[in-house]
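J.: Here it is, the structure in full.
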Amino acid sequence: MNRIKEVLEQKGIKQIWLAEQLGKSYNMVHSYAQNKRQPSLEDL
């Protein structure tokens with residue numbers, strides 16, 4: 001499992017909330033959670 005997805009589930013955080021906090025689109029965060037893209041070090 002993707003670590004980002006795992007932590008979001010453990011903490012009960014929605015991907016849409018994380019996207020808003022990062023100033024990214026939901027699709028971008030979803031791509032991170034599905035291992036289709038990797039976030040930049042700045043975003044981490």
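Every read-out reported here was derived from the displayed coordinates using simple, explicitly stated rules and does not represent laboratory data. Keep in mind the model is a prediction, meaning the values are calculated, not measured. Positions of Cβ are generated from backbone atoms using ideal geometry, with glycine treated the same way; all protein chains shown enter the neighbour counts.
J.: Report, in deg cm²/dmol and to the nearest 500, the calculated mean residue ellipticity at 222 nm for the chain, where each DSSP H run with n ≥ 4 adds -39500 (n - 2.57) and the sum is divided by the residue count.
T.: Calculated mean residue ellipticity at 222 nm is -15500 deg cm²/dmol.
J.: What do you get for GluC sites (Glu not before Pro) in the chain restricted to DSSP loop and a cutoff of at most 14 other Cβ within 10 Å of the site's Cβ?
T.: Within the chain, the qualifying GluC sites (Glu not before Pro) (loop, at most 14 other Cβ atoms within 10 Å) are E42.
J.: Only counting other Cβ atoms within 10 Å, I'd like S31, S25, S40 sorted with the fewest neighbours first.
T.: With the fewest neighbours first, S31, S25, S40 line up as S40, S25, S31.
J.: What is the P(r) of the chain, as percent of Cα-Cα pairs per 10 Å bin from 0?
T.: The distribution over the chain is 30, 65, 5, given as percents.
J.: What are the ³J(HN,Hα) couplings of the stretch 2-13, residue after residue, when phi is run through the Karplus curve with 6.51, -1.76, 1.60 and θ = phi - 60°? Round to Hz, x for glycine and proline.
T.: Couplings: 5, 5, 4, 4, 4, 5, 4, 5, 4, 8, x, 9 Hz.
J.: Would you mind ranking V29, V7 by Cβ crowding within 10 Å, fewest neighbours first?
T.: So the ranking, lowest neighbour count to highest, is V7, V29.
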